[in-house]
Amino acid sequence: MEDLCAFCSSKISSKRTSLREIVYNLPRRYRFCDECSGYTLLPKLTPGELEDLYSDYYLDDFSSTDVYRFEGDSDSYKKYANTRKFLSESNPLGKTFLDYGCGLDGHGLLIARELGLQPSGLEISPATREILRLKTQLPILAPEELFLSSCTFDYILLSDVLEHDGDPGKILQSVKHHLGIDGKLIVQGPLEGVSSISNLMINLYNYLTPNRVSYSRPYHVSLGNYKSYSELLHKNGFSIMSCRISETWWPAPTSIQKYTDLPKFLIQGTAKLIDFLLSRFFPNYGSRFWLIATCRK
């Protein structure tokens, strides 16, 4: 099987890699694509590995008996600020909304309901779906339920979803099939494949410690930039209406647990501060994007 880029489907021939070797069932590396400059984790995870990976991640340290609190000041809620503003200005009352890959916090669903939309969610894991149904009292679909239905939506949100899949084009094809006439696709997520001071420091550290191997689970499997996401959307029949790129503190550390963390905290923190400064002078410089897209006629 050829090693194909997750974003543009080009054959990956470059030997350039990012980050260090990751062992998750078998050794894997992020490989660079010469065509769109994105990174794809290879060998790609199987559908079963993806389901196990994200089910475990979402359900760690969470019990279905936990009391759900809608924390309007939380970081998870704040990342929906652009989406909330866009929906509130779009005469949303009564329109249909699908949060595709809504995550365990359910914030996208609750914001949509608060604005008067008719929200539904979609999640892979049965356990996650059950928790979300209890928390939100809203319909939470399994992927196969959406696939077998003919329902369409006025708005579909992909919030921090595409970077979790080694073949995000399949997600966009599903979205395209269920986006109504004149429907809007809202996409937001990290830009981990950009050239930044933070990524330069990470790659320098990996270069200086080539024998270290990561046994942490690969939470993101496709690391993109604006070019790679643009090509992904265009290849799957979407046109970008507008896009905003911004800098965020993530994934730099926010606290020091032990004194040995101090060098890492200082280096990564300083790199992030420089990134924030550069983002003030270069409007397309940043580690997070938010965009609106429509299906091409």
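The values are calculated or read from the model by the stated rules, or taken from the named source; none is laboratory data. No experiment lies behind these values; they were computed from the predicted model shown. Note that each Cβ is placed from the backbone with ideal geometry, even for glycine, and that neighbours are counted across all protein chains shown. Remember, those area values only see protein heavy atoms, side chains included, never the ligands or the DNA or RNA. Shrake-Rupley method; radii C 1.70, N 1.55, O 1.52, S 1.80 Å.
Tally up the carbon and sulfur contribution to the accessible surface of the chain as a whole percent, 1.4 Å probe, everything protein left in place. Don't jump to the answer; show the numbers that get you there.
Numbers: 8770 of 15680 Å².
Carbon with sulfur: 56 percent of the solvent-accessible area.
With each run of n ≥ 4 DSSP H residues scored as -39500 (n - 2.57), what mean residue ellipticity at 222 nm is computed for the chain after dividing by its residue count and rounding to the nearest 500 deg cm²/dmol?
Working: 10 runs with 103 residues, N = 297.
About -10500 deg cm²/dmol.
Using a 1.4 angstrom probe, figure out how much accessible area the chain has per residue, in square angstrom, rounded to the nearest whole. Display every interim value, and only then the final one.
Numbers: 15680 Å² over 297 residues.
I get 53 Å² per residue for the chain.
Taking θ = phi - 60°, what integer Hz values does the Karplus form 6.51 cos²θ - 1.76 cosθ + 1.60 yield along segment 10-20, in sequence order, with x for Gly and Pro?
6, 5, 7, 10, 5, 8, 5, 10, 10, 6, 9
Considering only PRO126, PRO253, PRO143, give the residue with the highest GNM mean-square fluctuation for the chain, with springs between Cα atoms whenever their separation is below 10 Å.
Taking springs between Cα atoms under 10 Å, the residue moving most is PRO253.
For ASP99, enumerate residues with amide H under 5 Å from its amide H, sequence gap 5+ or separate chain, H modeled in the peptide plane.
SER120, GLY121, LEU122, LEU157
Working out 0.36 nm times the residue gap between ARG217 and HIS177, then minus their Cα-Cα distance, what length gain in nm do you get to one decimal? Can you show the working numbers first?
Numbers: separation 40, 0.36 × 40 = 14.40 nm, distance 3.16 nm.
The ARG217-HIS177 span can extend by a further 11.2 nm.
Quick one: which residues, 5 or more positions from GLY38 or on another chain, have an amide H under 5 Å from its amide H? H modelled 1.01 Å from N in the peptide plane, none for Pro or chain starts.
Close amide H contacts, sequence-distant or interchain: CYS33.
Which residues' amide hydrogens lie under 5 Å from the amide hydrogen of ASP3, considering only partners 5 or more residues apart or on another chain, with H built in the peptide plane?
Amide H neighbours of ASP3: ILE12.
Just to be sure I understand, if you calculate Cα extents along the principal axes in Å for this structure, which of (i) 55, 43, 43; (ii) 52, 45, 39; (iii) 77, 68, 37 do you get?
Identified label for the calculated read-out: (i).
In terms of Cα to Cα distance under 27 Å, which lysines are near enough to LYS95, apart from those fewer than 8 places away along the same chain?
Cross-link targets: LYS78, LYS79, LYS85, LYS135, LYS170, LYS176, LYS184, LYS297.
Over the chain, what is the relative contact order in percent, taking alpha-carbon pairs closer than 8 angstrom and at least six residues apart?
Numbers: 512 pairs, mean separation 59.9, N = 297.
Across the chain, relative contact order equals 20 percent.
With r defined as the distance between the Cβ atoms of ILE240 and ASP3 and R0 fixed at 25 Å, what FRET efficiency is calculated, to the nearest 0.05? It would help to have the intermediate numbers written out before the result.
Numbers: r = 27 Å, r/R0 = 1.09.
After rounding to 0.05, the efficiency reads 0.40.
In nm, what is the difference between 0.36 nm times the number of residues separating LEU93 and LYS170 and their Cα-Cα distance? Mind showing how you got there, number by number?
Values: separation 77, 0.36 × 77 = 27.72 nm, distance 3.00 nm.
Stretched out fully, the LEU93 to LYS170 stretch lengthens by 24.7 nm.
Multiplying the sequence separation of PHE281 and ASN25 by 0.36 nm and subtracting their Cα-Cα distance, what value in nm do you get? Write down the numbers at each step before the final one.
Numbers: separation 256, 0.36 × 256 = 92.16 nm, distance 4.29 nm.
The PHE281-ASN25 span can extend by a further 87.9 nm.
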